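The values are calculated or read from the model by the stated rules, or taken from the named source; none is laboratory data. These numbers were taken from a predicted model, which means no experiment stands behind them. Here the Cβ is made from the backbone with ideal geometry for all residues, glycine too, and neighbour counts use every protein chain on show. Side chains are part of the model used for accessible areas, which takes the heavy atoms of the whole protein and leaves out ligands, DNA and RNA. Shrake-Rupley method; radii C 1.70, N 1.55, O 1.52, S 1.80 Å.
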Amino acid sequence: MAIRTIIMGAAGRDFHNFNVFFRDNSDYQVVAFTATQIPNIEGRRYPAELAGSLYPQGIPIYPESELSDLIRTLKADQVVFAYSDVSHEYVMHKASEVLAAGADFRLMGVRGTQLKSNKPVVSVCAVRTGSGKSQTTRRVSKILINMGFKVAAIRHPMPYGDLVKQAVQRFADYSDLDKHECTIEEREEYEPHLDNGVIVYAGVDYERILRQAEQEVDIILWDGGNNDFPFYQDDLAIVVADPHRPGHEVRYHPGETNVRRANVFVINKVDTASPDAVIAVRESLSALNPKATIIEGASPLFVDRPEEIRGKRVLVIEDGPTLTHGEMAYGAGWVAARRFGAAEIVDPRPFAVGSIAATYQKYTTTGPILPAMGYGEEQMRDLEQTINNSDVDLVISATPIDLNRVIKIRKPMQRVRYELQEIGQPTLEDVLKAKFGK
């Protein structure tokens, strides 16, 4: 008799685990997905076109808040936890809820969920959201390109729209972002790669994505999301740690999984973290994985006209997930505002509307900074209105994209950019040449 299964997720790892393990597996019957973290993904169905022959009606997606009732009403035998960047304590609270409702609780590891590529794979993952994966991935791609390799970045999924249309997505230039109706969160990850001449793949069906990417590149670069572990078997695993959050490398799921399986650590932001915090993170990583190489790095800030910040009352906008489930109270924009002499960092919360106001209520650790939330058109309008409502002289935007491409900001704006710079030796170039040098 098939094991009745609910998969807990957030429109990423959950769909992948289903595709590679459950989709054509008659030993299991997936009766539901649940959704959290990302707005407006519950109430849909995982479509029949992607679900396979065992699911001609697709699979319903419910809010995670209904989990206990779903276990009982759907007679679920097991619940698979399949999303990322949550504390170990949080995971066990969810496990306790599941067990109390009568089902088994399950976590799936690399053996049952990773796909094998016929090309070398370099993965870039992290211990927490906001550690600096993006700039590390960009740095790795530049080094590999300079070594003569053609590289594609395959990004951890962010399928917030029509899942059938998003099954396999290829981005070669900005027009592809418009064609696929990308959200702000997607653009933040894809645009910097495109600026560097790197093709980006993403979507829902990561076997099909991989097979298409293999046809046009020499090396696959897995660009991880949150602190999840890779969907592909990797030949080199690079994991980024954040000394602004010492101790998180051993307290969050599945970031600790990344720590234990890494080949290389990049301790980022050593220029802005305290020396004691950097040492604490280094010692913690070494204790869990003493064989991994440790690289220290910084993410220096680049501002076009920093003199325009001095003396101004500013609104600071940061990458959304870093402030929400990443639990950071500030980011590069806040640092730039302080460094270049802003008179005041204005709290945006009194000006927040709609879904932005709701975000502050849900993620109470977010400080007086505006997360660039934009998971759909309505939320982008709320973000636009919140920005334009704010009583400030200047907007400082530290998202990786020009927000004026997707919303209309009626205030002066300075963008903050950041790239990875290794400090001392070894460097990422040393590691990559030792692994892939011709």
Return the Rg/Rh value of the chain, two decimal places, where both radii are evaluated on C-alpha atoms and Rh is the Kirkwood radius.
0.95
Trypsin sites (Lys or Arg not before Pro) restricted to DSSP loop in the range 1-109 with at most 11 other C-beta within 10 Å
75
Expressed as a whole-number percentage, the relative contact order of the chain with C-alpha contacts under 8 angstrom and at least six residues apart is 15 percent
Rg to Rh ratio, the range 163-321, alpha-carbon atoms and Kirkwood radius?
1.01
Which percent of the accessible area of the chain is formed by carbon and sulfur heavy atoms (probe 1.4 angstrom)?
47 percent
For residue 62, list long-range residues whose amide hydrogen, built 1.01 Å from N in the peptide plane, is under 5 Å from its own amide hydrogen.
33, 34, 35, 43
Residues of the chain: accessible area per residue with a 1.4 Å probe, Å²
40 Å²
Positive minus negative residues near residue 355 (Lys, Arg vs Asp, Glu; Cβ under 13 Å)
-2
Give the span of the range 129-253's Cα atoms along each principal axis, as three whole-Å numbers ordered largest to smallest.
41, 36, 26
For the range 286-395, the Rg and Dmax computed from alpha carbons only, in angstrom:
16.3, 52
As a quick test, which of the pairs 269/433; 150/408; 94/269; 269/312; 362/411 have an alpha carbon distance above 30 angstrom in this structure?
150/408; 94/269
